[in-house]
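Since the structure comes first, as structure tokens, the remarks are kept for the end.
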Amino acid sequence: MAEITLVEAVNLALAGEMERDPSVLVLGEDVGADGGVFRATLGLLGRFGKERVIDTPLAEASIAGISIGMAAQGLKPVAEIQFSGFVYPALDHIVNHASRLRHRTCGRLTCPMVLRTPCGAGIHAPEHHSESVETFFAHVPGLRVVIPSSPARAYGLLLAAIRDPDPVIFLEPTRAYRLFKQEVDDNGQALPLDVCFLNREGSDATIVSWGAMLHEVQIAAARLADEGIMAEVIDVATLKPLDMPTILESVAKTGRCVIVHEASRTGGFGAEIAASIAEHGLLSLLAPVQRVAAPDCVVPLPKLEHYFMPDVDQIVAAVRKTLEFA
Amino acid sequence: MSVVARFEIRHTQFLNHLGEPTQPLPDFARDPDNLIPYYRAMVLTRTYDAKAVALQRTGQLGTVGSSLGQEAIGTVVGSVMQREDVFLPTYREAGAQIARGVTMTELLRYWSGDERGSDYRGPRQDFPVCITIAAQCAHAVGVAYALKLRKEPRVAVTMMGDGATSKGDFYESLNMAGTWHLPVVFVIANNQWAISVPRSVQSAAETLAQKAVAAGIPGEQVDGNDVVALRYVFDQALQRARSGDGPTLIEALSYRLTDHTTADDARRYRDPEDVSRHWAMEPVARLRNYLVLQKVWGKDDEEKLIAECNERVQAAVNEYLATPPPPPGAMFEHLYATLPAALAWQRDAAASGKIHG
Ligand SMILES: Cc1ncc(C[n+]2csc(CCOP(=O)(O)OP(=O)(O)O)c2C)c(N)n1
Ligand SMILES: [Mg+2]
């Protein structure tokens, strides 16, 4: 077993699934000879040829749009949008067509496509390269929205996403692409979609997060543990559909919940989780649910980016705050 | 200075507005009997459209758009395509869809607001009606990519309006189809109007066909009210696509003789005189005149056909009206291949009619 980065895990999953399933193909800008600007598709062109590793013209709406046509014909396109800030033109096709094709044809036509895109801030990128877009997609019925937080999860979840018979938005936290390495067994085993993962057990508070923020969350949990505060850490992984039972079970145990996300606060996906806890788990709460999220401002350019990102101190403080109640 | 590119756009017409040949007819039309099926299909389409509008006016159908005046385009497209080809329609192509084997009952179900209407029993791989303008162009490119990848001699055909040619999706799709040399035919039903916006406001381009030039694919214009010309040009485009010679853009010139949809009142924005002028050019009378001139069509044939079309449409209407409404739980059917556990309670609530409970 090799230690690899998250982006290498994406590559491993793509290569393995293309090998196993001839209907899988990848498409996007610079995915061929260049191997993708983050190298997620490195080496695929040489192995699978240009019919299955498609350098598209520069047109995001149509990258999504043609994927729908391919998928309806039984192919399994894995489309890459180069940076999440450029995904918006693709929204039309994803929201109006990919998500509805199965339903509106009573299952006659289906859309087993994956739309991959890097997401999130923290890499000192130019404007429009640091957006957190999960909530836009998570609002749409018919879609699945997945964000891996580690190399192993990226590998297993991407395999699951490709094999899923419905459209999956697969958001890859850019900051986590090369943040750390992990042993990943290239065994072709998918991880389950639609479930949250328990990253760390604890009894005093539940911290719910996804994507790159899990990194800060784990550090915060370790620091709290040093003080004797045992935080349970949940990696949501699939935002839509959301596995609330796992979160509610944890909150029932700890009585406290802190939701951490890198997207702006208002209308962020943390609001959905907090509302669901209020609906179904209010009576087990010992303290108000806390959100640690980016402020409601435009993602700053690199000079101020540091102030925008939720950090370990904020997470620790939020957990402490929940402990101030009873 | 040197000229690095030039282009010209061909316009094809065989029958003028009176139904008189303007040049020798192509082989398939030498025997006028061969044109009768198109005539019959156009009259059926016109009967269906009129009935759909009448149903809407009497509260028995939702908003619907008629193809009155432009029946020739869809009829030819739908009839000339091979069964195994894939059609990606917009909302004004009842004629093409019927010719493809979509039943009028299915169409009426869809336009009454019942998703089951898009579960076509006939052309299983055809796309449902695309309401978001021009999006179907991109889907057609994806379909064509799949057909080509599998080396199947099949073609994706998509139709769109003149307004659709202003959308990015349209340009992006022509461009991609061109770079990959895909088996796809784009047919513009240029009816001169996009709701209230006339063709002249849509683009400064002399023709819409020339938009193909920038994508490096053939583009041509055809008299969209002339069945013979349509079939001639569309045949060639299909053949080109099927034999691996890539995509074509066809601009079919016609005119929308009625409101945009039943929710529209065209008198608000266009001169009725203009509409009257275009009645003189419409495709059904034009082909009838030709068939009559050729002595292969007469009063009896006409009466019989009209009775037959009325009967067929009425049978579809009866079947449609007898369709039980979908149960509320159907909102969650086919939402995903397997409904995620997280949504089960919502499905159950919907199924019991207590969606907001
Ligand atoms: C993306 C999008 N924008 C606007 C509309 C609303 N709309 C419906 S039909 C139409 C005009 C389309 O004109 P054209 O493409 O010429 O087709 P026609 O209706 O004439 O057949 C508009 C603006 C829509 N359905 N989709
Ligand atoms: Mg129009």
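The values are calculated or read from the model by the stated rules, or taken from the named source; none is laboratory data. Owing to the predicted nature of the structure, the values given are computational and were not obtained by experimental measurement. Cβ atoms come from the backbone with ideal geometry, glycine included; neighbour counts cover every protein chain shown. SASA here: full protein model, heavy atoms, side chains in, ligands and nucleic acids out. Shrake-Rupley method; radii C 1.70, N 1.55, O 1.52, S 1.80 Å.
Worth pointing out:
- Peptide A:71-78 has a mean of 5 when you count, residue by residue, the C-beta atoms of other protein chains within 10 Å of its C-beta.
- Interface residues, region B:142-185 - accessible area loss of 50 Å² or more versus chain alone, probe 1.4 Å: B:TYR145, B:LEU149, B:GLU172, B:MET176, B:TRP180
- Surface composition of region B:10-326: carbon and sulfur atoms hold 52% of the protein heavy-atom accessible area at a 1.4 Å probe.
- For B:THR90, the residues whose amide H sits under 5 Å from its own are B:CYS130, B:MET159, ignoring neighbours fewer than 5 places away on the same chain, with H placed 1.01 Å from N.
- Cα gyration tensor shape for region B:101-241, rounded if a/c is under 1.5, else prolate or oblate: oblate
- Accessible area (Å², per residue) of chain A, counting only protein heavy atoms and a probe of 1.4 Å: 36 Å²
- Rounded to the nearest whole Hz, the Karplus-based 3J(HN,Hα) values (6.51 cos²θ - 1.76 cosθ + 1.60, θ = phi - 60°) of region B:107-123 follow the sequence 4, 5, 4, 4, 6, 8, x, 10, 4, 4, x, 9, 8, 4, 6, x, x, with x at glycine and proline.
- DSSP assigns beta bridges within chain B; of those with both partners inside it, close to 10 percent run antiparallel.
- Cα shape, region A:209-280, gyration tensor, a/c 1.5 rule: oblate
- FRET efficiency estimate (nearest 0.05) - Cβ-Cβ, B:GLN346 to B:GLN314, R0 56 angstrom: 0.90
- Here the Karplus curve 6.51 cos²θ - 1.76 cosθ + 1.60, taken at θ = phi - 60°, turns the phi angles of region B:68-83 into couplings of 3, x, 10, 5, 4, 5, x, 4, 5, 4, x, 7, 8, 4, 7, 3 Hz, with x standing for Gly and Pro.
- Dipole of the protein assembly as shown, positive direction: furthest Cα of B:SER352, B:PHE186, B:PRO272, with charges on the beta-carbon: B:PRO272
- By the rule of a C-alpha distance below 19 Å, with chain neighbours fewer than 8 residues away ignored, no lysines are paired with B:LYS299.
- Ligands, DNA and RNA aside, B:THR248 has an accessible area near 0 Å² when probed at 1.4 Å.
- Among the residues of A:239-250, the average count of other protein chain beta-carbon atoms within 10 Å of the residue beta-carbon is 2.
- Accessible area per residue in Å² at 1.4 Å probe, computed on region B:10-326: 39 Å²
- Distant-in-sequence amide contacts of B:GLY219, defined by a placed amide H-H separation under 5 Å and a gap of 5 or more residues or a different chain, comprise B:LEU249.
- Positive-pole candidate from A:PRO126, A:ALA33, A:VAL10, dipole of region A:2-184, charges at beta carbon: A:VAL10
- Solvent-accessible surface, computed for protein heavy atoms with a probe of 1.4 Å, shrinks by 40 Å² or more for the following residues of region A:98-125 when the other protein chains are added to the isolated chain: A:ARG102, A:HIS103, A:ARG104, A:CYS106, A:ARG108, A:LEU109.
- Under 27 Å from the Cα of B:LYS211 - lysines, other chains or at least 8 residues apart: B:LYS148, B:LYS167
- Three-way shape call for chain B based on the alpha-carbon gyration tensor, with the a/c threshold at 1.5: oblate
- Dipole magnitude for region B:271-312: computed about the Cα centre from +1 point charges on Lys and Arg Cβ and -1 point charges on Asp and Glu Cβ, it is near 260 debye.
- Carbon/sulfur fraction of accessible area - chain A, other protein chains in place, 1.4 Å, %: 55 percent
- Rounded to the nearest 20 debye, the dipole magnitude of the protein assembly as shown is 980 debye, with +1 charges on Lys and Arg beta carbons, -1 on Asp and Glu beta carbons, and the Cα centre as origin.
- Karplus 3J(HN,Hα) series, Hz, for region B:216-226 with 6.51 cos²θ - 1.76 cosθ + 1.60 (x for Gly, Pro): x, 10, x, x, 9, 10, 9, 5, x, 9, 10
- Across the alpha-carbon atoms of region A:197-322, the computed radius of gyration and Dmax are 13.7, 43 angstrom.
- Amide H contacts under 5 Å for A:ARG200, placed H, 5+ residues apart: A:VAL233
- Rounded D (µm²/s) - chain A, Kirkwood Rh over Cα pairs, Stokes-Einstein at 37 °C, 0.692 mPa s: 165 µm²/s
- Electrostatic bookkeeping for B:ASP301 treats Lys and Arg as +1 and Asp and Glu as -1; over the other residues with beta carbon under 13 Å from its beta carbon, the sum is 0.
- Chain A packed on chain B takes about 3600 Å² of accessible surface away from a 1.4 Å probe, both sides summed.
- Distance histogram for region A:109-212 (every C-alpha pair counted, 5 angstrom bins, percent rounded to whole numbers): 2, 11, 20, 22, 21, 13, 8, 2, 0, 0
- Over all pairs of different C-alpha atoms, the protein assembly as shown has a mean inverse distance whose reciprocal, the Kirkwood radius, equals 27.4 Å.
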